[in-house]
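Working notes, beginning with the structure itself.
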Amino acid sequence: MPNREKANHISKCLEMAILLEVSANKPGNVNFVVGFEDTRVEHFFASAVAAASSFEAAARRGAAVADGKLAISEVRMGQLMKTCVTDIDAWQTGGNTLLGTVMLFMPFAVAAGMAPLKDNAFNLAVLRENVKLAVENTTSEDAVRVYEAIDIAKPSGLNGAPDLDVNDADSKRRLIREDVSLFEVFKIAAGYDDICFEWVNNYPITFELAYPYLLDQLRTRTLNTAIVHTFLKVLAVRPDTFIARKIGREKALEVSAEARRVLELGGVETPEGREGVISFDKKLRDSGNDYNPGTTADITAAALALCTLAGYRP
């Protein structure tokens, strides 16, 4: 398959993963039925469409790396993320919808571009190796561009970083002056942000927890059930760092305990479990956006991206 067609294929896989993730009725997240005051499902749909061209551009750069036409350090991952976030901001009015997802997906796009495509599927072991290469070869310019992307997206819960705080005006200058790569920046945040944790540890939550669980669920359950159960499983095992940053780790642990309880009741497959999901969803929403398990949703989307890249079709 020519590189241009492969890049388009990769973009479609990632766009579809976003659309599938937001379509599921996950507790505390935006879905078809309910949203937040300023952010609804249509904003996520528009964001997925707006992001597609950046995913395709990233895949083309990955293919250029594989062909020896571009050094992996010249992929400009940060600029790709900034362009993606800029396009998302231009095409919808719901605020920050996909910043975490974009951060997780862009290395996938580059890595898939670097990999061979056989029978419309990528080998995920090869993809994971390429992801590691892509993130470890980011630059200080990439870091600056991601800081600029964060300025555009304006996510909540970003404060109190121990060093190179994104809210500090001097941080961007320091990144260049001290030659701090994006990978090194994410190392600083990996202890309190699971998007960064995934980046610097080669995506263990996605590849070793979320994806295998989702794949197993998809074998015997409907897509919505599989996604909701995977979301609950990840949340049960990993306290959501988006919640923890906003209202504290203790509250995040309480949310994880409730996710475990709902799964133990059978999730959406039993009357008790369905009642538990509804109650859990209401509890999260009644507490406001501070209790939105946003990072868990991003990781669930990343697991779906692995499914679609590996050949899954709904």
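The values are calculated or read from the model by the stated rules, or taken from the named source; none is laboratory data. Predicted, not measured: the structure shown is a model, and the values here were computed from it. Cβ coordinates were reconstructed from backbone atoms using ideal geometry, including for glycine residues, and neighbour counts include every protein chain displayed.
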Taking the criterion of being without any contact (Cβ under 8 Å) to a residue 12 or more places away in the chain and closer than 24 Å to Tyr211 by Cβ, would at least one residue in segment 269-288 satisfy it?
yes
Being at pLDDT 95 or above and either crowded, with 22+ Cβ neighbours inside 10 Å or under 23 Å from the mean Cα position of the chain (by Cα) (or both) narrows it down to one of Leu263, Leu284, so name that one.
Leu263
Sort through Ile88, Ile195, Ile152 and tell me the only one that's surrounded by fewer than 20 Cβ atoms within 10 Å (Cβ to Cβ) and either in contact (Cβ under 8 Å) with a residue 24 or more places away in the chain or part of a helix (DSSP H, G or I) (or both).
Ile152
Give me the residue from segment 101-133 that is small (Gly, Ala, Ser) and more than 30 Å from Asn29 (Cα to Cα) and, out of that set, surrounded by the fewest Cβ atoms within 10 Å (Cβ to Cβ).
Ala125
When you look at Gly68, is it at positive phi, touching a Ser or Thr at 6+ places or on another chain (Cβ under 6 Å) and surrounded by fewer than 20 Cβ atoms within 10 Å (Cβ to Cβ), yes or no?
no
On the basis of being part of a helix (DSSP H, G or I), in contact with a Lys or Arg (Cβ under 6 Å, 6 or more places away or on another chain) and modelled with pLDDT of 95 or more, does Val228 make the cut?
yes
Residue list for segment 231-248, restricted to those being at pLDDT below 95 and of a type in the set (D, E, K, R):
Arg245, Lys246
Scan segment 178-190 and give yes if some residue there is part of a loop (DSSP other than H, G, I, E, B) and farther than 18 Å from Gly78 by Cα, otherwise no.
no
Top-ranked residue of segment 130-149 - restricted to ones that are over 25 Å from Asp89 (Cα atoms) and outside any loop (DSSP other than H, G, I, E, B), ranked as nearest to the chain's Cα centre (by Cα)
Val131
Taking into account only those residues within segment 143-168 that are hydrophobic (A, V, I, L, M, F, W, C) and over 16 Å from Val102 (Cβ atoms), which is modelled with the highest pLDDT?
Val144
Would you tally the residues in segment 155-169 being crowded, with 17+ Cβ neighbours inside 10 Å and among the charged types (D, E, K, R)?
0
With respect to Leu158, is the statement that it is over 26 Å from Ala46 (Cβ atoms) and over 15 Å from the mean Cα position of the chain (by Cα) true?
no
Being of a type in the set (S, T, N, Q) and either within 22 Å of Arg61 (Cα to Cα) or in contact (Cβ under 8 Å) with a residue 60 or more places away in the chain (or both) narrows Asn167, Asn123, Asn201 down to just Asn123
Tabulated pairs, segment 52-63, first at pLDDT 95 or above, second among the hydroxyl-bearing types (Ser, Thr, Tyr) and assigned to a helix (DSSP H, G or I), C-beta under 8 angstrom, 6+ apart or interchain:
Ala52/Ser11; Ser53/Ser11; Ser54/Thr83; Phe55/Ser11; Glu56/Ser11; Ala57/Thr83; Ala59/Ser11
Just wondering, is there one or more residues in segment 107-115 that are closer than 30 Å to Ser156 by Cβ and either touching a Ser or Thr at 6+ places or on another chain (Cβ under 8 Å) or of a type in the set (S, T, N, Q) (or both)?
yes
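Yes/no matrix, rows are residues, columns are (1) surrounded by fewer than 17 Cβ atoms within 10 Å (Cβ to Cβ); (2) of a type in the set (Gly, Ala, Ser); (3) on the phi > 0 side of the Ramachandran plot:
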{"position": "Thr225", "(1), (2), (3)": "no, no, no"}
{"position": "Glu258", "(1), (2), (3)": "no, no, no"}
{"position": "Pro271", "(1), (2), (3)": "yes, no, no"}
{"position": "Gly276", "(1), (2), (3)": "no, yes, no"}
Is one or more of the residues making up segment 2-11 small (Gly, Ala, Ser) and under 24 Å from Arg61 (Cα atoms)?
yes
Could you tell me whether any residue of segment 23-38 is in a helix (DSSP H, G or I) and charged (D, E, K, R)?
no
